[in-house]
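Data block below; observations after.
The values are calculated or read from the model by the stated rules, or taken from the named source; none is laboratory data. The model shown is predicted, which means the values in this text are computed figures rather than measured ones. Cβ coordinates were reconstructed from backbone atoms using ideal geometry, including for glycine residues, and neighbour counts include every protein chain displayed.
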Amino acid sequence: MKRLYIAIISSFLCNAAVSAQDAALQHARALLDKVPLVDGHNDLPWTIREDASHPMDVEHYDLRQRTPHETDLARLKQGKLAAQFWSVYVPGELKGGWAVTQLEQIDLARRLIARYPESLVLATRSSDIARAKREGKVASFIGMEGGHVIENSLGALRAYYDLGARYMTLTHNSTLDWADAAMGERKHGGLTPFGKEVVREMNRLGMLVDLSHVSAEVMQQALDTSEAPVIFSHSSARALNDHPRNVPDEVLKRLPANGGVVMVTFVPAFISPQVAAWRKGLGEAAAAAGAAQDSPEFKAIKEDYTAKAGPAPNATLAMVADHIEHVARVAGKDHVGIAGDYYGSVNPEGLEDVSTYPALFAELIRRGWSDKDLAKLAGGNLVRALAGAEQAAARLQKERKPSLARLELPAPQSR
């Protein structure tokens, strides 16, 4: 009889816990039906470009079917997404051809958006998000990842804006002639004078200055320079994971004065110190052997490393929520957003694809977040920052003409 009583109580408690989980998830879905959910970064255009069987073919990579990676129309709908910044990424490691590749990626993204008029709509203004939400579509913005693509030309920057780009990450992983990257060499102590002019011209255009991927010094100097809100399109909190791609608390504390937003990413290595340490060890083992990640030798090195270090750990949805809460505590709940950075790789447990956003909001509901603050996190903060950039541009275009600044590089030495 005692065992039966214990079993009944255990079953009741288990059912109550499941019911609470379901209630939070239902609450999250109902909330996201009403408020716009904006994601700061998705690498689908690059995934399509690199498709092994049909590279760059937006028709073959059919979003009306379940795709082999994280993003398709059905899962976007399940995830309640209202707006997406599609990354038009170009590797800084390419040996030339940056501008052509960037133009190809913008063309690919625009063809992708145009192919699904029932679900996607090209967006260029903050007001487009509410309009798309009412129509049941995903407002589709274009975000450039890496300032190397302007090839030191403010004229090229303006041309990319005219083609629809609404943010530019100042660097990717490589240091530029005018800005230090978080994962690159520290050459300039932050931004050069020309780098600061890039920020000012982006302000004049109404293009969001994106500080993901830049060094901490660039973050600080961009905040000193910018007359409009900045964003981090896909970064997390350095206090929880001391990764150079994450945002230090001293920068987070400055966001209220600027109006900017950190869009917390889901990338496991940026979320979990254990994942970061495991991947760093693998990278060091590969570097010691002189093996690139796409080389035949890398697979054997990874197998040997895994045998010694154990299988790769992963991040979890709860860890992502921890980063969101840290940014909210330090910068304030007016300065945090969401960025999955889905790119065809391993994702945190519970956030495997674009259908899972409601699960993250359910976790925050269980942690006591109010609907008002969840609405800010979902998209309200990003909409406000983009509107702020548009308002700053309207003022600055009355005050100054397009910048004619040029970057004068030292002439190459003759041999």
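Quick notes on this one:
- Ala307 falls short on exactly one of the conditions (1) part of a strand (DSSP E or B); (2) more than 23 Å from Ser174 (Cβ to Cβ), and that condition is (1).
- A count restricted to the stretch 219-256 and to residues that are part of a helix (DSSP H, G or I), under 17 Å from the mean Cα position of the chain (by Cα) and farther than 18 Å from Gly184 by Cα stands at 1.
- Index of the failed condition, Leu170 passing every other in (1) within 27 Å of Glu59 (Cβ to Cβ); (2) out of contact with any Ser or Thr (no Cβ under 6 Å at 6 or more places or on another chain): (1)
- Sub-8 Å Cβ pairs linking a first residue in the stretch 299-327 that is touching a residue at least 24 places away in the same chain (Cβ under 8 Å) and polar (S, T, N, Q) to a second residue that is surrounded by fewer than 18 Cβ atoms within 10 Å (Cβ to Cβ) and not in a loop (DSSP other than H, G, I, E, B), at least 6 apart or interchain, are Asn314/Glu349; Thr316/Glu349, ordered by first then second residue.
- Output for the stretch 53-106, where each listed residue is charged (D, E, K, R), more than 30 Å from Ala30 (Cβ to Cβ) and modelled with pLDDT of 95 or more: Asp57, Glu59, Asp62, Glu104
- Qualifying position, being surrounded by fewer than 22 Cβ atoms within 10 Å (Cβ to Cβ), touching a Ser or Thr at 6+ places or on another chain (Cβ under 7 Å) and farther than 24 Å from Arg367 by Cβ, among Gly290, Gly259, Gly344, Gly281: Gly344
- Which listed residue, of Ala159, Ala165, is in contact (Cβ under 8 Å) with a residue 12 or more places away in the chain and of a type outside the set (S, T, N, Q): Ala165
- Test: Leu396 is surrounded by 17 or more Cβ atoms within 10 Å (Cβ to Cβ) and under 25 Å from Val247 (Cβ atoms): no
Per-residue answers, yes or no, for (1) at pLDDT 90 or above; (2) more than 18 Å from Pro348 (Cα to Cα); (3) hydroxyl-bearing (Ser, Thr, Tyr):
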site: Gly281; (1), (2), (3): yes, yes, no
site: Ala288; (1), (2), (3): yes, yes, no
site: Gln293; (1), (2), (3): no, yes, no
site: Glu297; (1), (2), (3): no, yes, no
site: Thr306; (1), (2), (3): yes, yes, yes
site: Pro311; (1), (2), (3): yes, no, no
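- In summary, Ser233 fulfils each of the numbered conditions (1) more than 18 Å from His148 (Cα to Cα); (2) in contact (Cβ under 8 Å) with a residue 40 or more places away in the chain; (3) of a type in the set (S, T, N, Q) with the single exception of condition (1).
- The single condition from (1) farther than 21 Å from Lys401 by Cβ; (2) touching a helix residue (DSSP H, G or I) at 6+ places or on another chain (Cβ under 9 Å) that Gly184 fails is (2).
- Any chance Lys372 is assigned to a loop (DSSP other than H, G, I, E, B), of a type in the set (D, E, K, R) and surrounded by fewer than 21 Cβ atoms within 10 Å (Cβ to Cβ): no
- Across the stretch 182-198, the qualifying residues are those that are touching a residue at least 40 places away in the same chain (Cβ under 8 Å) and crowded, with 19+ Cβ neighbours inside 10 Å, and the one among them that is nearest to the chain's Cα centre (by Cα) is Ala182.
- Subset of the stretch 76-93 [assigned to a loop (DSSP other than H, G, I, E, B) and over 30 Å from Arg158 (Cα atoms)]: Gly79, Lys80
- In this entry, Ser233 passes the filter for residues that are of a type in the set (S, T, N, Q), out of contact with any helix residue (DSSP H, G or I) (no Cβ under 6 Å at 6 or more places or on another chain) and either at pLDDT 95 or above or not assigned by TED's automatic domain parsing to the domain that holds Tyr342 (or both).
- Every pair of residues 6+ apart whose Cβ atoms lie under 8 Å, when the first sits in the stretch 94-105 and is assigned to a loop (DSSP other than H, G, I, E, B) while the second is of a type in the set (Ser, Thr, Tyr): Leu94/Thr101
- Residues of the stretch 188-213 that turn out to be not aliphatic (A, V, I, L, M) and not in a helix (DSSP H, G or I), as a count: 8
- Of Leu404, Leu377, all but one fail to be in a loop (DSSP other than H, G, I, E, B), at negative phi and at pLDDT 95 or above; the exception is Leu404.
- Among residues of the stretch 76-101 being more than 17 Å from Val138 (Cβ to Cβ) and β-branched (Val, Ile, Thr), the one that is surrounded by the most Cβ atoms within 10 Å (Cβ to Cβ) is Val90.
- Those residues of the stretch 113-143 which are within 19 Å of the chain's Cα centre (by Cα), part of a helix (DSSP H, G or I) and closer than 22 Å to His60 by Cα, in sequence order: Ile113
- Residue list for the stretch 324-346, filter: under 14 Å from the mean Cα position of the chain (by Cα) and modelled with pLDDT of 95 or more: Ile324, Val336, Gly337, Ile338, Ala339, Gly340, Asp341, Tyr342
- Search result, residues across the stretch 19-75 that are part of a loop (DSSP other than H, G, I, E, B), among the polar types (S, T, N, Q) and loosely packed, with under 14 Cβ neighbours inside 10 Å: Ser53, Gln65
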